[in-house]
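Down below is the structure, laid out as structure tokens.
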Amino acid sequence: MDTLKLEIVTPKGPIFNGDVKSITLPGSEGEFGVLPGHAAVLTLLKTGVIDIEKANGKHDLVAISSGYAEVDESSVNILAEGAVYVGGDEESEIADSLKKIEDLLDSIKSDPFVTESVLARVKNIKKS
């Protein structure tokens, strides 16, 4: 078992569905990583960034407002209140994603520190 099945869903529909190598989640008690074979857990997620490592080593990011994650040995299912997929390699695509993240965080009246932290993380990871 080299990959996990990941599904991220919001009330507006699916955000991500695919096989991944690993996932880092913004848990209510802090960030935690999930690899294939992880113990089963159901946990709250706080506002933050989901870092998805694909089988080819590339990373995708999804900013979420909050939600729940159900983890088992072969899959991770995430129900998020709101989420924005950060995609694209062009500056304009990244800028569009950052604007959507700002709008999402503004809509939940997020702490300004959390907003800046999420935006900084997205900007830094996409540059590497």
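So, in the stretch 30-57, of the ones that are closer than 18 Å to LYS5 by Cβ and charged (D, E, K, R), which residue ends up nearest to the chain's Cα centre (by Cα)?
ASP51
Could you say which residue among LEU6, LEU45 is in contact with a Gly (Cβ under 8 Å, 6 or more places away or on another chain), farther than 13 Å from SER75 by Cβ and not charged (D, E, K, R)?
On the way: LEU6 fails: farther than 13 Å from SER75 by Cβ.
None of the other options fit; the residue is LEU45.
Taking the stretch 39-95 only, how many residues are modelled with pLDDT of 85 or more and either touching a Cys at 6+ places or on another chain (Cβ under 6 Å) or part of a loop (DSSP other than H, G, I, E, B) (or both)?
Summing the residues that are modelled with pLDDT of 85 or more and either touching a Cys at 6+ places or on another chain (Cβ under 6 Å) or part of a loop (DSSP other than H, G, I, E, B) (or both) in the stretch 39-95 gives 16.
Sort out which residues of the stretch 30-43 are closer than 14 Å to SER66 by Cα and either without any contact (Cβ under 8 Å) to a residue 12 or more places away in the chain or of a type in the set (Gly, Ala, Ser) (or both), and write them in order of number.
If the condition is that a residue be closer than 14 Å to SER66 by Cα and either without any contact (Cβ under 8 Å) to a residue 12 or more places away in the chain or of a type in the set (Gly, Ala, Ser) (or both), then GLY30 is the only one that fits.
Are there any pairs, at least 6 apart or on different chains, whose C-beta atoms fall under 8 Å, with the first in the stretch 1-23 and more than 16 Å from GLY67 (Cβ to Cβ) and the second acidic (Asp, Glu), and if so, which?
So the pair list comes out as MET1/GLU73; THR3/ASP19; LEU4/ASP19; LYS5/ASP19; VAL20/GLU53; LYS21/ASP2; LYS21/GLU53; SER22/GLU53.
Kindly provide the set of residues from the stretch 27-42 that are touching a strand residue (DSSP E or B) at 6+ places or on another chain (Cβ under 7 Å) and within 19 Å of GLU73 (Cα to Cα), ordered by number.
Residues of the stretch 27-42 that are touching a strand residue (DSSP E or B) at 6+ places or on another chain (Cβ under 7 Å), as a first pass: 27-28, 31-36, 38, 40-42.
Within the stretch 27-42, GLY27, GLU31, PHE32, GLY33, VAL34, LEU35, PRO36, HIS38, ALA40, VAL41, LEU42 meet the criteria.
The values are calculated or read from the model by the stated rules, or taken from the named source; none is laboratory data. Since this is a predicted model, take the numbers as computed values, not measurements. All Cβ positions, glycine included, derive from the backbone under ideal geometry; neighbour counts span all protein chains shown.
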